[in-house]
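Below you'll find the structure, written out as structure tokens, and then a few comments.
Values quoted throughout were computed directly from the atomic coordinates according to the rules given, and no laboratory measurement underlies them. The structure presented is a predicted model; accordingly, all values stated were derived computationally and were not measured. Every residue, glycine among them, receives a Cβ derived from its backbone with ideal geometry; neighbour counts consider all protein chains shown.
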Amino acid sequence: MARRRKSSEDPDLDRPEGPEGDAEYESISAPFPMVRKLQRTLAPDYQGPAYIWDIDKTWLDTRFSQLKGMLKIPFEFAVDKQALPGTTALLHALRQGASGREHRPLYFITASPPFIRMAIERKMLIDGIEFDGISYKDQVEVFRRRHFDSLREHTAFKLSALLLLARAFPAGTRVHLFGDDAERDAQIYCLFADIAAGRLRDDALRQTLIAMGVRTSYADAVVDLAAELEPRERGSGNSVVSAMPEEPSGGKNQPPKFPRELLAAALEGISDSLTRGPILGYPVVDVAVRLVAATFVEGDSSAASFRAAATMGTNKAIVAAGARLLEPVMRVEVVGPDEFIGNVHSDLNTRRGRVLGMEPRGNAQVVLATVPLAEMVGYATSLRSVTQGRASYTMQFAAYSEVPSDLEEQIIKKVRGY
């Protein structure tokens, strides 16, 4: 993280830390240009929820599908901004907790530029919303760098802001994310979850970000930041062990003892291969690898050659075992009038969804289903269309599932180019 400091020798840096000289704000140039306002650091022994909200189209009813709407936003006063129905009450309830006096951690992340911060924070004051921090996307700095492709691409910014917050959270913090489908929030949040759990790192993360349209320099910076984040508790994960029998100590009539440095290199090569699988370079999960035998030539074998051999051998074993490409699957809950439930079912089926059941809720029906995350892009718009705007949905991560064989072949061909 790089902070701007005053310097009499560098006129470009001879300006205040935050926008308009406000010491409450911190300008950050890496991993992505942003301005942060932080008011609260959680105690090291904190164990509980922390809520992170997007602002535009999640809390505020921001409409900028047309250029006219985008140009209007910077000139709006706080009293002109409208919150989406029910969101302000939900923010109050989350903040106060069950007892009404808890002051649970609440943070905001917004792609809105810092120069409209006064209107946003004034609106929060009017609505009585207390918060512990806001991260603004520094669009002016992005424009100054001539990174025009990053002005409307928010993946690197939001992921960087999330990782910076998570890095400061105590281990017992349970992070809850709120967003919409206008800025790929669902995909960004799932990426963040994979990083926090240690499932997605290094080259696999870099390739994923670039495939999502993130500029290479920002992708590299996010990868570096992700490397600083300690993995949180997860499932059984991978296991790499040596099952080689104890070697003799190497006497006059005995073969030489197997060098420990070569064994360590082999195990390291196996572990490395699991971070970059043989199908498309994504991490391999939930496998156990046992090294049962190895031979070496005294004086000729090296640690590098053993590491490479172990990597190649593991990749071949993974392919032979029938490894499959996995995708995140979301648990989806759709609430709407009974007369539109048939349309909801049909739409979910076209998205490779699996309906688990239905249950009444007041005068409405609730449809429970599982749907691959890749199929949920744009679902809010589609749901409004098939229900005349009278239904809503929520989703949360459920599990990873195998990609269907025919679709897996298409994905591999598209990524590899052959």
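Want the number for Gln396 to Glu130: 0.36 nm per residue separation, take away the alpha-carbon distance, what's left?
93.2 nm
For segment 374-418, the calculated P(r), taken from all Cα-Cα distances in 5 Å bins from zero up to the bin holding the longest distance, is 5, 16, 17, 15, 15, 15, 11, 5, 1 percent. The separation of segment 77-131 from segment 279-326, counted between C-alpha centres, amounts to 51 Å. Give the whole-number value, in cubic angstrom per residue, of the convex hull volume spanned by the C-alpha atoms of segment 84-165. Expressed per residue, the convex hull around the Cα atoms of segment 84-165 is 106 Å³. Within segment 19-227, the proportion of C-alpha pairs whose separation exceeds 24 Å stands at 41%. Shape summary of segment 326-416, radius of gyration then Dmax from alpha carbon positions: 14.2, 50 Å. For the pair Leu84 and Ala364, label points projected 7 Å from Cα toward Cβ lie 1.3 nm apart.
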